[in-house]
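Here's the structure we're looking at; comments come further down.
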């Protein structure tokens with residue numbers, strides 16, 4: 001969370017000058033379930049990526065390589081839209097990758 | 001042409017770390033829109049879930065210039081920004097070849113109801129911008145109160161399913177039709193469930209000069225009472241039932257697209273409304289004995305509007 | 001080179017706006033502001049300005065578009081009156097708290113109900129807490145000059161606040177007067193080149209305007225506005241002085257008139273100051289020691305300067321052209337009396353609410369007030385009087 005600054009230390013007008021700094025706020029601890037990526041089944045169709053509400057699907061070189069657990073809220077949409085059973089939701093903290 | 005793999009190389013302009021609910025339709029819509037275009041974009045956003053959850057001081061999830069002004073004036077605000085852009089280009093403050101696109105977001109609250117005046121004004125004046133309504137069918141941010149976009153029979157906190165009145169009495173306003181009356185160059189209805197259709201429309205709209213309007217169906221797990229993983233399914237189902245047809249109005253011509261086009265031509269089945277109503281808890285009470293009439297009336301209204309739309313697309 | 005034109009208050013505002021050549025003007029018509037915007041629209045249609053004119057569909061959208069335009073990065077001017085100002089009320093606050101140096105001319109008119117299109121200060125007084133700098137103008141000349149000064153005041157880096165240029169509806173807005181004007185290049189020289197500050201249109205350096213503040217930050221953002229208002233007072237003085245040197249027309253935040261050796265004084269604003277000056281002249285010719293303090297700058301309220309002017313005075317009457325229902329006196333009275341409270345040698349101060357809904361105030365009314373003050377006892381409690389209403 002923010003370390004609280006004085007009125008002299010913050011930009012005036014409520015302006016936020018650091019665009020995209022919400023990336024510093026990790027919503028991953030909201031999860032009760034986490035997606036497990038099964039690479040063998042993955043066809044890299046990108047449907048999970050385009051449907052993720054939290055920009056949490058990591059794509060490198062046009063390949064789905066994993067999930068950004070700093071932001072993933074465990075909504076399960078990725079598992080639901082995946083046509084290839086390449087994602088499975090498990091209870092957070094109970095099963096590993 | 002939209003190619004998902006190619007789009008993955010574009011910069012994400014809505015970062016993770018925003019505080020919209022898990023499974024929120026609005027953030028999916030915004031991501032799909034911002035990824036569908038490569039232009040620099042200036043965004044205005046009405047008060048509501050999207051604005052409040054993406055800009056909790058001192059954090060902002062927006063990597064592009066962003067302004068929130070008030071609830072009812074996203075369109076008026078972007079009008080001012082767009083006018084300033086034109087003025088600055090005229091006086092040489094900004095190079096004439098610089099391209100910036102202006103997008104105003106608003107929920108159904110800030111668009112159908114309190115924001116309808118400023119939207120209408122901005123469209124009539126012909127500003128070069130696109131207005132996107134993320135329609136989650138109620139004033140979600142303040143606690144799920146009914147809006148004019150709330151469907152018939154839906155339980156909201158100001159149209160609860162009670163002993164005497166089973167949810168909202170009125171059918172939802174057809175805002176896209178109201179917008180059509182402005183005879184603007186481009187208007188469309190989209191659903192994040194059919195994302196290729198949505199993104200193609202965004203790509204197209206960005207190349208059209210003048211005012212554009214896009215009404216985006218935005219499932220809300222919290223307000224609609226469905227599982228957070230069902231948002232895309234619900235977004236598809238609404239289209240499949242013809243409750244939320246996806247189409248374009250381009251230069252006054254109605255064009256059905258994607259799944260809606262396939263249903264109209266008989267290539268895909270139209271799904272009964274009861275399937276749609278079963279998918280969300282806000283309609284649960286309609287399945288109690290005594291409310292069968294309501295479901296029938298809902299189906300009849302959906303059919304009526306769908307048939308009218310199909311006829312319009314055949315003109 | 002001094003050039004004179006015959007201009008109404010509204011046309012003076014339109015002319016100075018033309019010479020400022022703002023990037024965007026967004027406005028909606030309302031009596032008695034209309035002729036300013038009509039005149040400005042002619043300038044736009046004739047290509048005499050570079051301004052992008054947005055004829056919005058309501059005053060709320062007018063200020064909303066101004067906020068969008070100003071945040072985008074450029075000079076923005078608008079105008080309104082009465083219920084138009086009331087309609088844009090929430091956005092007026094937003095313009096100030098987003099620190100946008102928008103200029104707005106307000107042709108002060110009574111707020112409904114009943115609907116009344118004539119001059120009083122209820123509209124701008126309704127916004128006195130909004131964080132806007134407020135300057136009240138006696139005549140068309142002042143309107144012309146203050147609009148130009150307003151650009152420098154609002155855009156000053158220590159200030160960054162919007163400026164409300166007030167003038168009496170119909171009385172000043174529609175009365176033709178002789179106005180000395182500058183040349184276009186002189187106005188441009190005085191206001192200087194516009195320097196964008198955190199503009200939305202700088203897509204390489206994106207910023208977010210208008211976030212959600214929770215309980216942890218709102219107070220700090222408001223404290224910043226307080227500071228800006230504090231800094232605004234010396235800036236208004238400085239810009240006024242610079243403008244006075246530039247044009248030869250003397251401006252300051254207050255205008256004392258025959259106050260130095262006066263025993264009795266009237267404190268007033270706007271067009272009534274003109275009538276009061278006339279009465280002071282008459283009474284001075286009769287050897288009576290009376291004076292007037294005209295308040296130009298109402299926000300930030302120049303308490304210190306008013307204390308200096310009124311300390312040692314025996315009797316003061318404040319003229320308020322608006323009522324604050326349920327308050328102990330009108331807005332100007334409350335602030336003046338509050339400012340004088342800590343002064344040992346303070347005058348008796350009474351209040352006259354007058355002119356509501358355009359009710360006329362004339363020289364005889366003002367002379368009667370001076371007569372009362374001149375024959376008032378040494379100790380006179382503050383009372384609130386309603387001047388010119390039938391039945392009192």
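What is the distance in Å between the Cα centres of segment C:191-264 and segment C:372-389?
36
Distance between the C-alpha centers of segment B:194-248 and segment C:115-177? Whole Å please.
One Cα centre to the other: 47 Å.
What FRET efficiency do you get for residue C:205 and residue C:249 if R0 is 56 Å and r is their Cβ-Cβ distance, rounded to the nearest 0.05?
0.90
Which percent, to the nearest 5, of DSSP beta bridges fully inside segment C:254-386 are antiparallel?
Around 20 percent of the beta bridges assigned by DSSP in segment C:254-386 are antiparallel ones.
Given the options C:112, C:375, C:79, state which has the largest fluctuation in a GNM of chain C using a 10 Å cut-off (strictly under) for Cα springs.
For chain C, modelled as a Gaussian network with Cα springs under 10 Å, the answer is C:375.
Only bridges with both residues in chain B count here: give the DSSP antiparallel percent, nearest 5.
The answer is about 35 percent antiparallel.
Please determine, in degrees from 0 to 90 and to the nearest 10, the orientation of helix C:9-20 with respect to the longest principal axis defined by the Cα atoms of chain C, where the helix direction is its Cα long axis.
40
Label point 7 Å out from residue C:50 along Cα-to-Cβ: which residues of segment C:1-35 have amide N under 18 Å?
Label zone hits: C:16-26.
So for chain B, averaging the separation of alpha carbon pairs under 8 Å that are six or more residues apart and normalising by length, what relative contact order in percent results?
Computed value for chain B: 16 percent relative contact order.
Over chain C, with a Gaussian network built from C-alpha contacts below 10 Å, which listed residue (C:247, C:51, C:31) shows the highest mean-square fluctuation?
Greatest mean-square fluctuation among the candidates belongs to C:247.
Hey, could you get me the Stokes-Einstein D for chain B, Kirkwood radius over alpha-carbon pairs, 4 °C and 1.567 mPa s, rounded to whole µm² s⁻¹?
So the translational diffusion coefficient is about 65 µm²/s.
What is the angle, in °, between the Cα long axis of helix C:218-247 and the longest principal axis of the Cα atoms in chain C? Nearest 10 is fine, range 0 to 90.
80
Please compute the contact order of chain C in relative form: average sequence separation of alpha-carbon pairs under 8 Å and at least six residues apart, divided by the residue count, as a percent.
In percent, rounded to a whole number, it is 16.
Using a 10 angstrom cutoff on alpha carbons, build the Gaussian network for chain B and name the most mobile of B:63, B:261, B:101.
In the Gaussian network model the winner is B:63.
One quarter of the convex hull surface, Cα atoms only: what value does that give for segment B:104-161 in nm²?
4.0
Going by how many other Cβ atoms sit within 10 Å of their own, how do C:105, A:72 line up, fewest first?
Arranged by neighbour count, lowest to highest, C:105, A:72 become A:72, C:105.
Measure off 7 Å from each Cα along the Cα-to-Cβ vector at residue B:314 and residue C:383, then give the distance between these two points in nanometres to one decimal.
With each label point 7 Å from Cα toward Cβ, the separation is 8.5 nm.
Note down, for segment C:3-247, the three equivalent ellipsoid semi-axes (square root of 5 times each alpha carbon gyration tensor eigenvalue), biggest first, whole angstrom.
Listed largest to smallest, the semi-axes of segment C:3-247 are 26, 21, 18 Å.
Given the convex hull over the Cα atoms of segment B:1-118, what projected area results after averaging over all orientations, in nm²?
Approximately 8.7 nm², given one-decimal rounding.
With angles folded into 0 to 90 degrees, how steeply does helix B:74-91 sit against the dominant principal axis of chain B? Use alpha carbons for both and round to 10.
Roughly 20 degrees, rounded to the nearest 10.
Looking only at chain C, where both bridge partners belong to it, what percent of the DSSP beta bridges are antiparallel (to the nearest 5)?
20
Just how far, in whole angstrom, is segment C:19-66 from segment C:269-332 if you go by their alpha carbon centroids?
Result: 34 Å between the Cα centres.
Counting residues in the protein assembly as shown as N, plug N into 2.2 N^0.38 Å and put the Cα Rg over that result.
Relative to the 2.2 N^0.38 Å estimate, the protein assembly as shown comes out at 1.09.
Which FRET efficiency value, to the nearest 0.05, do you get for residue B:278 and residue A:24 by plugging their Cβ-Cβ distance into 1/(1 + (r/R0)^6) with R0 = 45 Å?
Computed FRET efficiency for residue B:278 and residue A:24 comes out at 0.65.
Going 7 Å from the Cα of residue A:70 in the Cα-to-Cβ direction, what parts of segment B:15-54 have a backbone nitrogen less than 11 Å from that spot?
Label zone hits: B:16-17.
Percent relative contact order of chain A, based on C-alpha pairs within less than 8 angstrom and at least six residues apart?
34
Report, to two decimal places, the Cα Rg of segment A:26-91 normalised by 2.2 N^0.38 Å (N = number of residues).
Against the empirical 2.2 N^0.38 Å value, I get 0.98 for segment A:26-91.
Give me the distance in nm between label points sitting 7 Å out from Cα along the Cα-to-Cβ direction at residue C:311 and residue C:188, one decimal.
Using points 7 Å along Cα→Cβ, the separation is 4.7 nm.
Under the classification rounded if a/c is under 1.5, otherwise prolate if a/b is larger than b/c and oblate if not, where does segment C:254-386 fall, given a ≥ b ≥ c as square roots of the Cα gyration tensor eigenvalues?
Rounded shape, in that the Cα axes give a/c under 1.5.
I'd like the FRET efficiency for residue B:96 and residue B:291, computed as 1/(1 + (r/R0)^6) with the beta carbon distance as r and R0 of 51 Å, rounded to 0.05.
0.25
Could you check the spin-label model distance between residue B:253 and residue B:268? Points 7 Å from the Cα along Cα→Cβ, value in nm.
Label-label distance for residue B:253 and residue B:268, simple model: 2.2 nm.
A short reminder: the numbers here are calculations on the coordinates, not readings from a lab. Only a predicted model underlies this, so the values are computations on that prediction, with no experimental measurement involved. Every residue, glycine as well, gets a Cβ built from its backbone with ideal geometry; the counts of neighbours run over all protein chains shown.
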